[in-house]
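Q: One structure is given below, represented as structure tokens, and several questions about it will come after.
The values are calculated or read from the model by the stated rules, or taken from the named source; none is laboratory data. For clarity, every value in this text was computed on a predicted model and none was experimentally measured. A quick note on method: Cβ atoms are made from the backbone with ideal geometry, for glycine too, and the neighbour counts reach across all protein chains shown. Calculation scope for accessible area: heavy atoms of the full protein, side chains included, ligands and nucleic acids excluded. Shrake-Rupley method; radii C 1.70, N 1.55, O 1.52, S 1.80 Å.
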Amino acid sequence: MAMTRFAVGALAVILLWSYLVVAAPSASSAVDQTPPTRPGTITASGVTASAASLKWGPSTDNIRVEGYRVYRGPSASTLALIATTDAVTSYHATALRSNVAYTFGVVAIDAANNQSPMRTATVTTLASADTTAPTAPSSSSVALVAFSSSRIDVVWATSGSSDVAYYEVYRDGALVATVERPSSPRFSDNGLAASSAHSYRVCAVDSAGNRSPMTAAKTAATLSPTAVKIARGPYLSVVTGTSAIVSWWTNIPTSGVLAIGGRTLTDPAGQVRHHAVTVAGLAPGTTYPYTVTSGSASSSGSLHTAAPPGRTFSFAAIGDFGSQSTGEAQNAANIASAGTDFVQTLGDNVYPSAGLPDPDFATVYSDFDARFYKQFKPVLASQALFPANGNKEYYGDGAFWANFPMPGSNHSWYSYDWGDAHILVLDTEQQMAPGSDQYTFAQSDLAAHQADPWRIVALQRPPYSSTSANSSSQPVLQNLVPLFQAQHVDLALSGNSHNYERSYPLRDGARVASGGVTYVVSGAGGNGFNAFTIAQPTWSAFREATYYEFVKVTVSPTALVVDAVRANTNAVFDSTTIRKPGVPQNAVLNADATIDPAASTTPTSSRVRVDASGPTNDLLLKFTSSCTDITAASLGLTVGSGSNDPSTHGGDFYATSAADPHANWAEGSVTWPTAPARDTTVAPVSLGAVTAGTTYSLDVTRLVPSTGGTFTVRGTNTSADGAGYFSKEGSATLGPRLSVTCG
């Protein structure tokens with residue numbers, strides 16, 4: 001008998017509270033038990049053979065409606081959950097079968113997982129005259145994975161045809177499942193005999209009932225009853241300088257053992273699938289290799305405890321990412337090799353509904369498996385995960401928090417320390433007005449950490465986003481931004497807008513010379529893009545809406561360096577440095593280095609070759625000073641040997657004048673008083689009036705001796721012999737050095 005992909009009815013809520021408390025919020029008020037009102041009447045429009053647009057009257061709630069769950073079925077008695085929407089009163093139903101009467105149901109939910117009574121309506125699709133069969137899924141995309149002695153997971157890629165309504169899965173020649181779209185193309189086949197082999201094929205069926213050819217048969221065998229697999233993890237959470245939780249999931253209930261730092265710790269939960277072992281007594285800023293073992297299965301990783309104050313470290317921040325896209329996989333791979341200590345998420349961590357139908361882990365390959373654990377497995381084994389909630393986390397009936405224990409005494413807001421950074425994680429789905437539990441906690445927490453060098457906030461909804469006229473979150477802007485300013489927050493990281501945007505240091509929405517907060521949106525983690533639909537505001541320093549990305553934040557006692565890293569190239573495409581007043585700043589001159597399009601060479605890992613055959617074949621360098629109260633700025637030059645020997649080529653590199661379109665200096669020229677010798681550093685010269693927050697560009701070409709033996713800024717390349725090299729900032733070889741001193 002054919003089986004549908006989703007089970008009917010509400011899914012169990014599993015909340016895991018047995019974890020280490022790092023920073024407990026203030027006591028919560030009484031749990032909200034008031035459900036939203038029943039949605040209003042559902043109306044349908046634009047009905048075709050395969051689609052219909054639904055609208056309904058809004059629900060009301062004593063606090064706020066979080067979203068709407070949409071159900072669908074042939075009849076009211078067989079409704080299956082197909083989507084959870086944001087708090088909008090419409091849904092466009094696609095991939096419907098033609099000439100079928102569908103019953104749709106809509107339920108409102110709030111942030112406490114209270115559900116309204118359901119509103120239903122029946123919609124009959126039109127007949128279809130289509131007789132063309134859809135294309136079959138690629139046979140090479142069909143993958144079979146034996147999960148246990150009674151279950152095999154079947155996963156495949158979607159058909160190339162746009163009118164597919166559902167897929168049929170055949171086991172050993174018999175139909176065993178129909179997977180209705182918009183469900184993901186996968187099926188978990190349960191109830192099989194142990195150690196038995198089975199053959200599977202998949203067929204696509206369009207709205208009119210036309211069937212594609214079958215995929216080629218593939219075979220897999222179930223495991224023996226005692227075979228143990230580590231199906232998820234290991235992963236690290238609630239990591240401090242001295243303790244951590246190491247978690248993993250096994251396919252069957254079994255015991256678990258964590259080996260770390262010369263100790264063997266047994267999971268006190270006994271025979272379970274979800275293992276979570278707390279390890280304490282660790283040393284701060286230390287790396288501990290570890291191994292988890294269950295039965296005959298084992299897996300290893302490395303745990304980095306929180307850095308002590310004074311030690312430089314970096315972390316990754318990413319939002320809106322768990323969608324099973326190529327961009328998500330690229331970001332995960334880049335983070336795994338980024339040298340970061342931990343990952344701070346910015347909400348909307350797993351699409352579309354935070355893991356539904358999880359937590360039925362024993363029987364269903366869920367969105368957690370397909371959209372999170374698969375891509376982030378290398379990251380999770382060696383970098384602690386600190387999640388922030390977005391609205392999607394409230395769509396999953398608590399499944400997300402069962403997987404990832406969050407620090408604190410609830411699953412909403414918390415704080416932690418790492419090195420010289422104090423990081424506050426807020427939940428923009430919860431109340432945040434002055435007097436609320438969350439606001440009180442945030443105010444008290446930030447006030448208690450004014451002596452820390454850096455205060456960083458992570459939250460989902462951005463106070464500053466120029467995606468559209470209403471993409472800046474007004475509740476955050478009105479309630480939290482004044483708090484951030486009063487409590488001297490340095491950096492606020494958010495997601496929600498599916499793009500990247502960085503502000504200037506701001507106070508009350510305006511650029512300031514000191515005491516401002518820098519706001520960064522990193523919402524292009526993998527779930528599509530939101531184009532900017534309004535002009536770039538004056539507060540916006542940089543924005544980009546076509547790259548998947550994550551943000552790497554490097555924290556030292558004197559600076560925060562924020563790098564935006566493009567997913568498909570692993571290259572930094574925007575960077576800023578935040579420093580405290582009175583701290584000298586040695587800016588990274590070529591943080592945004594690019595080769596002129598006319599150049600014939602490309603950058604390498606440590607130096608960029610510049611072809612000196614013509615005036616356009618040069619290196620364009622950009623920098624933006626994050627120092628908001630500049631008192632001095634100068635440019636120095638380091639001269640290497642080899643092909644850059646001035647005695648061989650008569651010169652080295654120089655910056656162009658302001659007359660050149662690439663340059664933007666207040667002074668028209670920069671002159672070094674003497675010709676530099678080999679392997680020497682030329683004394684820096686003043687750049688004059690450099691404006692804080694302004695992006696400056698230099699064309700670095702070849703230094704040529706001018707009259708009197710000095711090196712003068714020139715607008716073109718006047719030498720065609722040989723080739724030069726410019727080394728990236730931080731190298732011990734050739735390169736200009738910019739120094740900016742903050743007041």
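Q: Specify whether the C-alpha gyration tensor of the range 454-571 places it in the rounded, prolate or oblate class, a ≥ b ≥ c being the square roots of the eigenvalues: rounded for a/c under 1.5, otherwise prolate if a/b is larger than b/c and oblate if not. Please list the in-between numbers first.
A: Numbers: a/c = 1.77, a/b = 1.19, b/c = 1.49.
Because a/c hits 1.5 or more and a/b fails to exceed b/c, the range 454-571 counts as oblate.
Q: Order of 319-332, 257-270, 535-548 by packing, highest average Cβ count within 10 Å first? Can you show the working numbers first?
A: On the way: 319-332: 23.8, 257-270: 14.8, 535-548: 16.6.
Most protected by this proxy first, the peptides run 319-332, 535-548, 257-270.
Q: What is the distance in Å between the Cα centroid of the range 237-309 and that of the range 433-456?
A: A separation of 31 Å, based on Cα centres.
Q: Let me ask something else. Given the pairs 218/392; 392/580; 229/392; 218/377; 374/552, which are separated by over 32 angstrom at their Cα positions? Kindly include the intermediate steps, with their values, before the conclusion.
A: Working: 218/392 35 Å; 392/580 36 Å; 229/392 29 Å; 218/377 26 Å; 374/552 22 Å.
Exceeds cut-off: 218/392; 392/580.
Q: OK, next. Can you give the alpha-carbon Rg of the range 273-316 over 2.2 N^0.38 Å, where N counts its residues? Display every interim value, and only then the final one.
A: Working: Rg = 13.5 Å, N = 44, 2.2 N^0.38 = 9.3 Å.
Rg over 2.2 N^0.38 Å, computed on Cα atoms: 1.46.
Q: Quick check on the range 401-501: take the gyration tensor over C-alpha atoms, sort the square-rooted eigenvalues as a ≥ b ≥ c, and tell me if it's rounded (a/c under 1.5), prolate or oblate. Can you show the working numbers first?
A: Working: a/c = 1.43, a/b = 1.25, b/c = 1.14.
Rounded, because the longest to shortest axis ratio a/c is under 1.5.
Q: With the convex hull built on the Cα atoms of the range 134-226, state its orientation-averaged projected area in nm². Spell out each step's value before the answer.
A: Numbers: hull surface 21.4 nm².
Result: a mean projected hull area of 5.3 nm².
Q: What does the convex hull of the alpha-carbon atoms of the range 245-390 project to on average, in nm²?
A: Values: hull surface 37.0 nm².
Averaged projected hull area, Cα only: 9.2 nm².
Q: Heavy-atom accessible area of residue 170 with all protein chains present, probe 1.4 Å, nearest 10 Å²?
A: About 40 Å², rounded to the nearest 10.
Q: Same structure again: Stretch residue 485-residue 326 to full length: gain in nm at 0.36 nm per residue minus the Cα-Cα span? Present the calculation step by step, with values, prior to reporting the outcome.
A: On the way: separation 159, 0.36 × 159 = 57.24 nm, distance 3.78 nm.
Going from the current span to full extension adds 53.5 nm.
Q: Continuing with this model, one more query. Excluding residue 414 itself, what net charge comes from residues whose Cβ is under 12 Å from its Cβ, given Lys and Arg +1 and Asp and Glu -1?
A: For residues surrounding residue 414, the net value is -3.
Q: What is the sum of charges around residue 152, taking Lys and Arg as +1, Asp and Glu as -1, for the other residues whose C-beta is under 11 Å from the C-beta of residue 152? Walk me through the numbers before you get to the answer.
A: Details: positive: 151, 171, 218; negative: 153, 189.
Residues close to residue 152 contribute a combined charge of +1.
Q: So what's the net charge close to residue 495: Lys and Arg +1, Asp and Glu -1, counting the other residues with Cβ under 10 Å from its Cβ?
A: Details: positive: 461; negative: 320, 348.
Once positives and negatives cancel, what remains is -1.
Q: How much of residue 274 can a 1.4 Å solvent probe reach, expressed as accessible area in Å² and rounded to 10?
A: About 40 Å², ignoring ligands and nucleic acids.
Q: With the full set of protein chains in place, find how many percent of the accessible area of the range 182-279 is carbon and sulfur; take the probe as 1.4 Å. Before the final figure, lay out each step's value.
A: Values: 1950 of 3520 Å².
Of all accessible area on the range 182-279, carbon and sulfur atoms account for 55 percent.
Q: Based on a Kirkwood Rh over C-alpha pairs, give the Stokes-Einstein translational diffusion coefficient of the range 50-208 at 20 °C and viscosity 1.002 mPa s in µm²/s. Show your work: numbers first, answer last.
A: Working: Rh = 17.7 Å.
Answer from the Stokes-Einstein relation: 121 µm²/s.
Q: Let me ask you something else. So what are the three principal axis dimensions of the range 205-246 from its Cα atoms, in whole Å, longest to shortest?
A: 61, 32, 15
Q: With a ≥ b ≥ c taken as the square roots of the eigenvalues of the C-alpha gyration tensor of the range 328-425, please select rounded if a/c is under 1.5 and otherwise prolate if a/b is larger than b/c or oblate if it is not? Mind showing how you got there, number by number?
A: Values: a/c = 2.12, a/b = 1.24, b/c = 1.71.
It is oblate, given that a/c is not under 1.5 and a/b is not larger than b/c.
Q: Based on the Cα coordinates of the range 470-536, what is the per residue volume of their convex hull in Å³? Please report the intermediate quantities before stating the final value.
A: Working: hull volume 5.7 nm³, N = 67.
Dividing the Cα hull volume of the range 470-536 by its residue count gives 86 Å³.
Q: Right, next: Can you tell me the order of 241-253, 113-125 when each peptide is scored by its average per-residue count of other Cβ atoms within 10 angstrom, highest first? Kindly include the intermediate steps, with their values, before the conclusion.
A: On the way: 241-253: 22.0, 113-125: 16.5.
Averaged packing, sorted descending, gives the order 241-253, 113-125.
Q: Rank 92, 304, 275 by accessible area, highest first, at a 1.4 Å probe radius? Intermediate values should be presented prior to the final figure.
A: On the way: 92 105, 304 45, 275 0 Å².
Putting 92, 304, 275 in descending order of accessible area: 92, 304, 275.
Q: Using a 1.4 angstrom probe on heavy atoms only, work out the carbon and sulfur share of the accessible area of the range 59-181 in %.
A: Details: 2550 of 4830 Å².
So the carbon and sulfur contribution to the accessible surface is 53 percent.
Q: Between residue 531 and residue 513, what length in nm is gained on full extension when 0.36 nm per residue of separation is reduced by their alpha carbon distance?
A: Details: separation 18, 0.36 × 18 = 6.48 nm, distance 3.02 nm.
That pair, residue 531 and residue 513, stretches by 3.5 nm at full extension.
Q: Still on this model: With every protein chain present, what accessible area does residue 240 have (1.4 Å probe, heavy atoms only), rounded to the nearest 10 Å²?
A: Ignoring ligands and nucleic acids, residue 240 comes out at about 30 Å².
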